[in-house]
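Participant: Have a look at this one.
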Amino acid sequence: MDVFAYEPLGFEGCLVKIEVDLRRGIPAVDIVGLAAASVRESRERVRAAIRNSGFSFPQDRVLINLSPADLPKEGSLYDLPIATTILSACGILPDCGKPILAVGELTLDGHVLPIRGSLPALLKAHASGIQDYLVPQGNLGEAGRQKSGRLYGISHITELPSILIALREGKPLGNHKTGCGRAGLALPAGQSIHAGPAPITPGRGLDFSDYFGNSGVVQALVVAAAGRHNLLLFGPPGSGKTMAAMRFPSLLPDLGEIQAQEVAALWSLRGKVYGDPAVAARPPFCAPHHSASLEGLVGGGRPPRPGEISLAHRGLLFLDETPEFGRDVLQALREPLEQGSISVVRAGMILRYPADFQLIMAANSCPCGNLGNPAKTCLCSPLEIQRYWKRLGGPLLDRIDMRIPLSIPEGSALVDKPVWTQAQLCSMVDAAVTVQLQRSSRWGGMFNSKLTPDLIQQICVLKPRLREEFRIKAQELGFSMRACHSVLKLARTIADLKGLVEINQEALEEAVGYREFGDGSNYWPF
């Protein structure tokens, strides 16, 4: 019986084989294989847990090898696989005759505590051909997203004999009782046990049924949701920037099963539970405070963990008061926006985390916030406004497809009924998404915002007259090549929302209007 543990390095991580050798000598436990202090401490936890659970700890010299030996190991999730391997080497546990994955932290009385990274461990083990998994009872909720193989929840190491016998015979444990009065449970494919209520994702329960104001803003948000275009909302305080951003997730369709599994695995690496496996998964919504550090946003640390941009994978990253974020933090978003992933480089290793997110930024139109407020006077000089916008950085702002100015709505708008319903908005987005994915199916299916330059030439085609008008307008506004591509992708999304096969002049003009602000000295439309 081979017992494997899991080392969470990057998104995929590595499997670690646990080997135990018993030999004569002064009783001691040695751990080799680049084990950090947190792993070496497991010697005492495992020894106490085995003895306090009624098992006999070997009175020999115990050598524990963690293979591969050149891979650094950290954390307490090695407790359960080490205890399982020691008891198996002593003949106390039956040999199930199969490779198994075991993860879990032990208390001194033998109880198994939940750990972070259980779902990525299962995915890695399944990819390596292992079909039997032992996880703490508290991790069964997130582990239930792994639909294949046999999953056993364990709450105390006295359940190990019953679990290994069930593994050897290929039978579920059912209601079999163990010495500690608890039952390990094998989960059939497609079923899961939840450790507790799923956390509520910010903005999940909000929609546009209570959003009053400019209908043009809602129209722009629908375009951004349909094509997954990055978005900047700017205007004076009270114009509804944060309110619109918090309701934006309600326009997006549910995640697919594979996408939800990716998101849940990333959240598991941070020790968080994402959603409920029994219901449809919503796109994640992350809104870090402007005091967030570079490490907290892009990932890293010791031990390495994914950052906020990875927690927003397949969903939304909302930066409120964007100019207040550190410049190095904002500029670190440029590569993930292009590549859909982040590589954290550390000495001797490169850790990769998925980070395919849609960015929504909100900012005031000037440092004092009064620009665009008809009831107040802006006292900022043009140079101060220019410096304020430069905090965003030209390279980052160039990657933002849409820049939407918001003005403070009039009092009468607060009592007028919206001209749309939430169901109508979602139906429009769903229809446009379906068109995009079907059209790009031979390239794997992608949203318009992800079109590469060669695909733009094939999908975002303009008629000769319209192409010449666009060339003149782009030259007049000083658009870069990336800006021109953004306008074409926006125009394609607008045409999809209107059910048009080709991009017409109206769609192109609307796309240019979404892009023209924020470049050069054009910071406000009025």
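Here, each number is a calculation from the coordinates, and none is a lab measurement. Keep in mind that what you see is a predicted model, and the values were worked out from it rather than measured. Because the Cβ atoms are built from the backbone with ideal geometry, glycine has one as well, and the counts that use them run over all protein chains shown.
Participant: Note down the net charge around TYR133, summing +1 for each Lys or Arg and -1 for each Asp or Glu among other residues with Cβ under 13 Å from its Cβ.
Facilitator: After counting each charged neighbour, the total is +3.
Participant: Among residues other than LEU371 whose Cβ falls under 15 Å from its Cβ, what is the net charge (Lys/Arg +1, Asp/Glu -1)? Mind showing how you got there, number by number?
Facilitator: Working: positive: LYS241, LYS376, ARG387, ARG403; negative: GLU384.
Result for the local shell: +3.
Participant: At 7 Å along the Cα-to-beta-carbon direction for both MET481 and TRP420, put a label point, then send me their distance in nm to one decimal.
Facilitator: 3.4 nm
Participant: Let's see if you can work this out: charge +1 on each Lys and Arg Cβ, -1 on each Asp and Glu Cβ, no other charges. What is the dipole magnitude of the chain about its Cα centre, in debye to the nearest 20?
Facilitator: 520 debye
Participant: Place +1 on the Cβ of every Lys and Arg and -1 on the Cβ of every Asp and Glu in the stretch 208-515, take the dipole about the Cα centre, and give the residue among PRO367, GLY271, SER343 whose Cα lies farthest towards its positive end.
Facilitator: Value computed over the given set: SER343.
Participant: Further question on the same structure: Rule-of-thumb check for the stretch 60-122: C-alpha Rg over 2.2 N^0.38 Å?
Facilitator: 1.19
Participant: Also, I was wondering about something else. State to the nearest 20 debye the size of the charge dipole of the stretch 208-515 about its Cα centre, where the only charges are +1 on K and R beta carbons and -1 on D and E beta carbons.
Facilitator: 580 debye
Participant: Give me, ordered by chain and number, the residues 5 or more places off PHE285 or on other chains with an amide H under 5 Å from its own placed amide H.
Facilitator: LEU316
Participant: Provide the per-residue ³J(HN,Hα) series for the stretch 4-21, in order, calculated from phi with Karplus coefficients 6.51, -1.76, 1.60 and θ = phi - 60°, each as a whole number of Hz, with x at glycine and proline positions.
Facilitator: Per residue, the Karplus-derived 3J(HN,Hα) values read 10, 10, 9, 10, x, 10, x, 6, 7, x, 9, 7, 10, 7, 9, 10, 10, 10 Hz.
Participant: Follow-up. Quick one: Cα convex hull volume of the chain, Å³ per residue?
Facilitator: Considering the Cα atoms of the chain, their hull volume per residue is 166 Å³.
Participant: How much length would be gained if the chain were fully extended between ILE472 and TRP443, taking 0.36 nm per residue of separation minus their Cα-Cα distance, in nm to one decimal?
Facilitator: Gain in length upon complete extension: 7.3 nm.
Participant: Express in whole angstrom the spacing between the alpha-carbon centres of the stretch 298-317 and the stretch 135-171.
Facilitator: 29 Å
Participant: Here is a follow-up. Extension gain LEU63-LEU383, at 0.36 nm per residue separation less the Cα-Cα distance, in nm?
Facilitator: On the way: separation 320, 0.36 × 320 = 115.20 nm, distance 6.87 nm.
Difference between extended and current length: 108.3 nm.
Participant: From the phi angles alone, apply the Karplus equation (6.51, -1.76, 1.60; θ = phi - 60°) to the stretch 47-62 and give each ³J(HN,Hα) in whole Hz, x where the residue is Gly or Pro.
Facilitator: 4, 5, 5, 5, 5, 6, 9, x, 8, 9, 7, x, 8, 10, 8, 9
Participant: Can I ask one more? Once a ≥ b ≥ c are taken as the square roots of the eigenvalues of the Cα gyration tensor of the stretch 3-187, is the result rounded (a/c under 1.5), prolate (a/b larger than b/c) or oblate (a/b not larger than b/c)?
Facilitator: Judged from the Cα gyration tensor, the stretch 3-187 comes out oblate (a/c at least 1.5, b/c at or above a/b).
Participant: For a test of understanding, tell me how many lysine pairs in the stretch 3-187 have Cα atoms under 16 Å apart, given they are 8 or more places apart or on different chains.
Facilitator: The result is 5.
Participant: Once you keep just the Cα pairs under 8 angstrom separated by 6 or more residues, what percentage relative contact order results for the stretch 210-348?
Facilitator: After rounding, I find 19 percent.
Participant: Alpha carbon centre of the stretch 467-510 versus the stretch 421-448: separation in Å?
Facilitator: Distance between centres, Cα-based: 19 Å.
Participant: Cross-link candidates for LYS473: which aspartates and glutamates have Cα within less than 12 Å, leaving aside residues fewer than 8 places away along the same chain?
Facilitator: Within the straight-line cut-off, LYS473 pairs with GLU509, GLU516.
Participant: Calculated FRET efficiency, THR242 and LYS171, Cβ-Cβ r, R0 35 Å, to nearest 0.05? Could you put the intermediate results ahead of the total?
Facilitator: Working: r = 55 Å, r/R0 = 1.56.
So the FRET efficiency works out to roughly 0.05.
Participant: Which percent of Cα-Cα pairs in the stretch 357-426 sits in each 5 Å bin, short to long?
Facilitator: Going out from 0 Å in 5 Å bins, the stretch 357-426 shows 3, 12, 16, 17, 18, 13, 11, 8, 1 percent.
Participant: Now a separate question. What does the net charge come to around GLY25 if you take all other residues with beta carbon closer than 12 Å to its beta carbon, with K and R at +1 and D and E at -1? Could you put the intermediate results ahead of the total?
Facilitator: Numbers: positive: ARG23, ARG24, ARG61; negative: ASP21, ASP30, ASP60.
Here the charged neighbours net out to 0.
Participant: Can you give the extra length, in nm with one decimal, that the chain gains between ALA36 and SER209 once fully stretched, where that is 0.36 nm per residue apart less the Cα-Cα distance?
Facilitator: Once the chain is fully extended between ALA36 and SER209, it gains 57.0 nm.
Participant: So, one more: I need two numbers for the stretch 208-515: Rg to one decimal and Dmax as a whole number, Cα atoms only, in Å.
Facilitator: Just the Cα atoms of the stretch 208-515 yield Rg and Dmax of 19.6, 62 Å.
Participant: Is there a quick way to get the dipole size of the stretch 3-187? I mean about its Cα centre, with the Cβ of Lys and Arg at +1 and of Asp and Glu at -1; what is the value in debye to the nearest 20?
Facilitator: 340 debye
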